[in-house]
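Below you'll find the structure, written out as structure tokens, and then a few comments.
The values are calculated or read from the model by the stated rules, or taken from the named source; none is laboratory data. Being a predicted model, the structure only gives us computed values, none of them experimental. We place every Cβ from the backbone using ideal geometry, glycine too, and count neighbours over all the protein chains shown. Remember, those area values only see protein heavy atoms, side chains included, never the ligands or the DNA or RNA. Shrake-Rupley method; radii C 1.70, N 1.55, O 1.52, S 1.80 Å.
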Amino acid sequence: MDFLDIIKSFSDKDISAFNDFKVKIGADLSVPMILLVAFSFGLFVYLSFKSTKELKNKRKRFLLILFRVLALFAILFMIFQPKLELRETKEIKNKMAVLFDDSESMGLKLESGGNSRFENLKSFLKKNDDFFEKLSDDFDIDYYSFGSSLKPTTLPEFLAKGAPEESKTYIGEAIEGLKTINPKAEYKEVLVLTDGCDNGKIKSLTENMSSDLDKSLFKKYVKSLNVKIHPIAITNEKEKFSDIAINKVMADQFGFIRTPFEIEVLLYASGLGKKSIPITLKNGDNIVKALNIKIEEGKKEYKVKMKFYPQKIGRFVYTVSVPTYSDELIQENNEKSFFVNVIRDKTRVLMVVGTPTWDERFLRRTLKNNPNIDLIPFFILRTSYDYLNVPEKEMSLIPFPTREIFDRELHTFDVVILMNFDYGPFVPTSYLQNIKKYVMNDGGGFVMVGGDRSFNAGRYERTPIVDILPVDLSVGMTPFSFGKFKPVLTEVGNAHPILRVDFDAEKNRAIFDSLPALEGINNVLKLKDDALALMTHPKERNEHGPTPIISISEMGKGRSMAITTDTLWKWNLPYVGEGGSTRLYDNFWHNALKWLVKDPALDLVKLTLQENTFSTEESIKIKLKVLDHKYQPTDKARVKGEVKSDDGKVIKLNFRRSETVGDYESEFVPKRDGNYVIETSAYLKEKYLGKDIHPFIVEESKAELINIEVDHDLLAELATLSETKLLKIEDDDISGSLAIDSKKEVQLLGKVELTFWDSKMNFLIITMFLIIEWFIRRKYGLY
Amino acid sequence: MERRKLLVITLIVCLCITLTCGTVFSLTAKNEIVIAQLKYKGGDYEPYKSSLNVLSGYVVSRTSVILARDKKRIAIQDKDLFLYPLLYMAGAYEFKPFSDGDVKKLRKYLDHGGTLFIDDSSGQQNSGFDRGIKRLVKRLYPEKSLEKIDEEHAIFRSFYLFKRVPGRKLISPFLFGINTGDITPVIYSKNDLGGAYAGDNFGGWDNDCTPGGERQREMSIRLGINIIMYTLTVNYKKDQVHIPFILQRRK
């Protein structure tokens, strides 16, 4: 009979259901009160000793003090009001979730004639059915299968499955999903039986885990799951397969034109033996870079760095690939695409000046003051006709670096300005051919500024340069016309962004009319057929029309501009003298350079997507912004669009107007992986406004099969962070190795409190002790 | 005799063509770079009538710059002031203070790309002109004061390389200036550079250069060319491509 049974036998209540008890203090005493009681108790004992000092008989004295103390204890009992809490409790099993990997990688047969990981998993479950049965003694177990989603299952149901059903492996998301799918369960332990080929959140957090920050982010994520994860690796030591895979391509989203762009390719190779494998970087069908990598036996992961120089501005999809081998397990993982938006860091301008002039002085000042322009000027300060009586060492002149600028370095410039420059004494005609190729083939920008050494006066009429000018030159014509004039802004010029300083056309024209007069022009034969005259001479004209002062033209892949005067600087300081500002002159040149380099900011048709990489069946929102020739948004444009996939299919897009003027929308849902290109164009009253192209990648469904090797490192890291242990299905003693705390939770079903201090018995005892004490005192003659 | 006559006429015609071809076939015949001499009240704004013409001749013959032989005399109030980005101000004596409007206009001119080259023609320390210039500069740039232009400045390498500042007299071994950002819109010489150029069209000089004689005059002409070249090319000679050559030649 234990204490509880004794209590039950004394109690007049029905307390038979209670199986536990607790003793509690009922009085709500403050600390000073407890101290006061303790002091009073001590004082009472001390006074008792003192008052019984006269008694010589020790036995009598002890008896007297004993009854006083007993009475005192009985009083203390009343003060502290002790009570007994009887409790009815029940032990409850902790909840455990067992997650089975049901993803595609589990279905791969990685040994010839052998089992898949999925089959191995089922064999393991059958072999260890007693383990799970025993586990169910201590835990309330729920079974789930997972891949890209989490689904409840039972052991027999899972064992009955023929093959895995999910296309992806999201371990982290599956554990997070437990809280949603069964919010009341509050799982504390989660067994994850997986090959670890994760392609969800955990993979993205761990794949570049080189810095402390990356590690702490992963640690934080695992901690946030708030469960103990027990990974069990579904592996098979007999797994032997051949595969080469582009696991990942690490590349920035932005690159700069003609600036080195470096990517790092993470390559995985298994079972290929020792061989050299070519790795190729392509932009569409064009090979951008190719190199060989030596595959060694026993080494599975390789990092390959590839560097190239983007040659064009725009959005591009590049693809890294390795060859496919006939005995490879998976051939879909041999290439990977990435998106790069190639932009211009700074506009690099080469300015070659035949003689220092005010025109050069103010243009240089404007370009130098623009932080987005990298100006490389070369001035001819002395010609062979100039008198030389000074030793070279007393002069600061340098030889004109003809070869460097017109041959070796020409491709590094975005725009070349020949300003009043007579090429004859300095540049062989073959280098002028280089400038023509640079514009026509490489997309460079070109400007010729007038003066007594430009156009016909510079004898350009029989050089390749005439082919890239917006104007035709004629042999033998009078090179110059003199006199002051105010150039006339043409209709095209008034709407063109190069000469647009005010959005109101009339105000824009009025501003240009207010500019100081220019003086002297280079005569030209005529404007070329496809060229546009932005400003013309008010009087000078021939049978072809007025002499163009500022003219522009598309030239092959590049653009060109001709300014047939050397007094444009009068729009600068002299205009300030007339009450204007230098803003117009600065804007003119900055806009001209933007137009020459095809800056996207000046495009009339602009295409945007919400991302650059999508997954199959994902709805891609396509937005198009259209401006008219006056650079105003227009909802009257006729918009065409189509999506081209890399297998040659073309799908037409239907654009609809959005609520915002000038905005058009469409959407596209890709059905398969691959690289796609959206091409759009817009017309206004059958007049072509422009086009825009946006490539994108659809790739996500390949993720599961990119790296099929069991990721022991990932699973081990998960176990370490959960303070558990990574197990493998080959391990003999799974149950002994699992670091599971099987301590059950105690649930309180009911309770009842029994108090004793307020019973009649207690008062009776106190009274009895005090009477006995009084009686003894009297008997021994003490008062 | 007739043949000799014909030969002489042909020679004269050829000579005329040779002398004038630099301008006749130039678009810039009307757009040559013209230096403006600043007219001001009090003192003598033009101590040497010929100095700029002579210097222009040297600039044209030694460099690719096409500089007009004749200067333009201009006052601050002139509406065409801003058509002349290089303003030459010379004098030997104290001059009348500029009006507030003139100071404001001159500051606007300098802030937007104009250059003021000041030349003290007195050949003396602390001349009346020098005092007037210091007062003018203080009003133009209350937040700044004239500072020595250091020897690494582009003025000293814009065409010729320099170690010392010459002139008709060696009053100061420095040029002075006001720097705004990386440009120097106000340049001040105390050594009477104009005095070193003054002369006739036949190679005669109006003044001796002391103490260095003709070498000092040659160096003065070079500095004049450099100042004009600096106003046209600013810091071009400080661009990276020129530095190795200049360092090598300065060894």
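Please report Rg (one decimal) and Dmax (integer) in Å for the Cα set of region A:425-471.
My reading of the Cα-based Rg and Dmax gives 10.4, 30 Å.
Relative to the isolated chain, which residues of region A:433-475 have their accessible area cut by 50 Å² or more in the presence of all protein chains (1.4 Å probe, heavy atoms, no ligands or nucleic acids)?
With the partner chains in place, region A:433-475 has these residues losing at least 50 Å²: A:D452.
Could you please state, rounded to a whole Å, how far the C-alpha centre of region A:135-184 is from the C-alpha centre of region B:61-107?
The two parts, judged by their Cα centres, are 89 Å apart.
For chain A, take the longest principal axis of its alpha carbons; what is the angle in degrees between that and the long axis of helix A:212-225, to the nearest 10 within 0 to 90?
50 degrees
Per the Kirkwood formula on distinct C-alpha pairs, the Rh of region A:42-181 is how many angstrom? Kindly include the intermediate steps, with their values, before the conclusion.
Numbers: mean 1/r = 0.0468 Å⁻¹.
Every distinct Cα pair counted, the radius reaches 21.4 Å.
Suppose we take every Cα in region A:56-127 and form the convex hull; what volume per residue is that in Å³?
On the way: hull volume 19.4 nm³, N = 72.
Spelled out: Cα convex hull of region A:56-127, divided by residues, is 270 Å³.
Treat each spin label as a single point 7 Å out from the Cα along the C-beta direction, and report the A:Q747 to A:L291 distance in nm.
The answer from the label model is 6.4 nm.
Of the listed pairs A:K188/A:K671; A:K93/A:K126; A:K90/A:K161, which have alpha-carbon separations greater than 31 Å here? Walk me through the numbers before you get to the answer.
Working: A:K188/A:K671 41 Å; A:K93/A:K126 24 Å; A:K90/A:K161 38 Å.
Long pairs (Cα-Cα over 31 Å): A:K188/A:K671; A:K90/A:K161.
Quote the relative contact order of region A:298-369 in percent (integer), defining contacts as alpha-carbon pairs under 8 Å separated by 6+ residues. Before the final figure, lay out the partial values.
Working: 42 pairs, mean separation 20.4, N = 72.
It rounds to 28 percent for region A:298-369.
Could you state how much accessible area B:Y230 has, in square angstrom rounded to the nearest 10, with a 1.4 Å probe and all protein chains kept in place?
In the full protein context, B:Y230 sits at about 10 Å².
Among the lysines, which have Cα under 22 Å from the Cα of A:K760 when same-chain residues fewer than 8 positions away are ignored?
A:K8, A:K13, A:K24, A:K83
At 1.4 Å probe size, what's the solvent-accessible area of B:D100? Round to the nearest 10 Å².
120 Å²
In this model, which of A:K274/A:K725; B:K41/B:K108; A:K346/A:K649; B:K71/B:K134; B:K49/B:K237; A:K215/A:K728 are farther than 28 Å apart at the alpha-carbon? Please report the intermediate quantities before stating the final value.
Values: A:K274/A:K725 35 Å; B:K41/B:K108 20 Å; A:K346/A:K649 38 Å; B:K71/B:K134 25 Å; B:K49/B:K237 31 Å; A:K215/A:K728 24 Å.
Violating the 28 Å Cα-Cα cut-off are A:K274/A:K725; A:K346/A:K649; B:K49/B:K237.
A:R61: accessible area at probe 1.4 Å, nearest 10 Å²?
Roll a 1.4 Å probe over it and A:R61 shows about 60 Å².
Using a ≥ b ≥ c from the Cα gyration tensor of region B:51-139 (square roots of the eigenvalues), is it rounded, prolate or oblate, where a/c under 1.5 gives rounded and otherwise the larger of a/b and b/c decides, a/b for prolate? Don't skip to the end; give the middle numbers.
Values: a/c = 2.33, a/b = 1.29, b/c = 1.80.
Note, shape of region B:51-139 comes out oblate.
Would you list which aspartates and glutamates come within 14 Å of A:K203, measuring only between C-alpha atoms, while excluding same-chain residues fewer than 8 positions from it?
Here the aspartates and glutamates satisfying the reach criterion relative to A:K203 are A:E173, A:D195, A:D214, A:E700, A:E704, A:E709, A:D711, A:D713, A:E717.
List the accessible area buried at the contact between A and B, summed over both sides and calculated with a 1.4 Å probe, in Å² to the nearest 100. Mind dumping the intermediate values first?
Working: alone 40840 and 13920 Å², together 50530 Å².
Interface area, both chains combined: 4200 Å², rounded to the nearest 100.
Using Cα pairs under 8 angstrom and six or more residues apart, how large is the relative contact order of region A:186-336, in percent?
Details: 251 pairs, mean separation 35.3, N = 151.
After rounding, I find 23 percent.
Hey, if we sort A:H496, A:H411 by accessible area with the 1.4 Å probe, largest down, what's the order?
Numbers: A:H496 25, A:H411 95 Å².
The residues order as A:H411, A:H496, largest area first.
Report the full-extension gain for the segment A:K652 to A:Y46: residue separation times 0.36 nm, less the Cα-Cα distance, to one decimal in nm. Walk me through the intermediate numbers first.
Numbers: separation 606, 0.36 × 606 = 218.16 nm, distance 10.63 nm.
Taking 0.36 nm per residue and subtracting the Cα distance, the gain is 207.5 nm.
Which residues of region B:129-164 bury at least 50 Å² of accessible area once all protein chains are present, versus their chain alone (1.4 Å probe)?
Buried-area filter returns B:F159.
Under a straight-distance cross-link criterion of Cα-Cα below 17 Å, which aspartates and glutamates are reachable from A:K779, leaving out those fewer than 8 residues away in the same chain?
A:E54
When only Cα pairs under 8 Å and 6 or more residues apart are kept, what is the percent relative contact order across chain A? Walk me through the numbers on the way to the answer.
On the way: 1523 pairs, mean separation 110.2, N = 783.
Relative contact order for chain A comes out at 14 percent.
I'd like the carbon and sulfur percentage of the solvent accessible area for the protein assembly as shown, probe radius 1.4 Å, heavy atoms only, ligands and nucleic acids excluded. Each step should come with its number before you reach the end.
Values: 26630 of 50530 Å².
That fraction is 53 percent.
Could you pull out every residue, at least 5 positions away or on a different chain, whose amide H is within less than 5 Å of the one on A:L397? Hs are placed 1.01 Å off N in the peptide plane, and Pro or chain starts have none.
The list, which skips near neighbours in sequence, is empty: none.
Enter the mean number of other protein chain beta carbons within 10 Å of the beta carbon of each residue in B:57-64, as an integer.
Details: counts 0, 1, 1, 2, 5, 8, 9, 14.
The per-residue average across the peptide is 5.
Can you compute the FRET efficiency between B:K49 and A:E540 using 1/(1 + (r/R0)^6), with r the Cβ-Cβ distance and R0 = 41 Å? Round to the nearest 0.05. Could you put the intermediate results ahead of the total?
Numbers: r = 38 Å, r/R0 = 0.94.
Efficiency for this residue pair is about 0.60.
Binned at 20 Å from 0, what are the whole-percent values of the Cα-Cα distance distribution for chain A, short to long?
Values per bin, smallest distances first: 12, 27, 21, 17, 12, 8, 3, 0.
Just to confirm the number: angle between the C-alpha axis of helix A:58-80 and the first principal axis of chain A, 0 to 90 degrees, nearest 10?
With both axes taken from Cα atoms, the answer is about 40 degrees.
Any idea what % of Cα-Cα pairs in region B:184-233 are farther than 15 Å?
On the way: 595 of 1225 pairs.
That tail contains 49 percent of the Cα-Cα pairs.
Percent of Cα-Cα pairs per 5 Å bin, from 0 to the last occupied bin, for region A:556-680, please list those.
Taking every Cα pair in region A:556-680, the percentages come to 2, 9, 14, 14, 13, 13, 10, 8, 6, 5, 4, 2, 1, 0.
Restricting to DSSP H runs of at least four residues, report the calculated mean residue ellipticity at 222 nm for the protein assembly as shown, -39500 (n - 2.57) per run over all residues, nearest 500 deg cm²/dmol.
-9000 deg cm²/dmol
For chain A, take the longest principal axis of its alpha carbons; what is the angle in degrees between that and the long axis of helix A:129-138, to the nearest 10 within 0 to 90?
So the inclination is approximately 60 degrees.
Cross-link list A:K109/A:K240; A:K528/A:K685; A:K307/A:K594; A:K598/A:K691; B:K72/B:K104; B:K104/B:K138: which exceed 18 angstrom alpha carbon to alpha carbon?
Among A:K109/A:K240; A:K528/A:K685; A:K307/A:K594; A:K598/A:K691; B:K72/B:K104; B:K104/B:K138, the Cα-Cα distance tops 18 Å for A:K528/A:K685; A:K307/A:K594; B:K72/B:K104.
Mind checking the per residue accessible area of region A:1-116 for me, 1.4 Å probe, whole number of Å²? Can you show the working numbers first?
Working: 7230 Å² over 116 residues.
That works out to 62 Å² per residue.
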